[in-house]
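See structure below.
None of the figures in this text is laboratory data; all of them are computed from the coordinates on show. Everything quoted here is computed from the prediction, not taken from an experiment.
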Amino acid sequence: GLKISLADNAVDTGISQTWTLMVSGRLKVMPNCSNFLSEFRKYHRDEKGNIVKKADHLMDCLRYIVNSGRDRMIIHPLPKCIPQSAPVRGGDRAWMV
């Protein structure tokens, strides 16, 4: 059931799309992702405008998922809450339904 496809490795497009998602607040990185943040701070272009390909594995992964994986993401709805009128097993002192 695993669906595999080739990733889109377009560097400039991926960086642009990723940056747009980040500045718009649609892509967030939590502060405890220290490896990612460390690599993100070092990610840069050289004097010719080319991305420096050194210690950039997480940046590559992020680009791949933004370029190729977003259309595959599925958000499952949260389960509906149990109505207040539902019977509770174990009487009114039970903590589990």
Subject >> Cα-based reach from K54 at 13 Å (exclusive), listing aspartates and glutamates while leaving out same-chain residues under 8 positions away >> reply: E39, D46
Subject >> Translational diffusion of region 1-78, µm² s⁻¹ [Kirkwood Rh, Cα pairs; Stokes-Einstein; 25 °C; 0.890 mPa s] >> reply: 175 µm²/s
Original post:
So what are the ³J(HN,Hα) numbers for region 40-45, from phi and the Karplus equation (6.51, -1.76, 1.60; θ = phi - 60°), rounded to whole Hz, Gly and Pro as x?
Top reply: 4, 5, 8, 6, 7, 9
Original post:
How much length is gained on full extension from A10 to H76, taking 0.36 nm per residue of separation minus their Cα-Cα distance?
Top reply: 20.8 nm
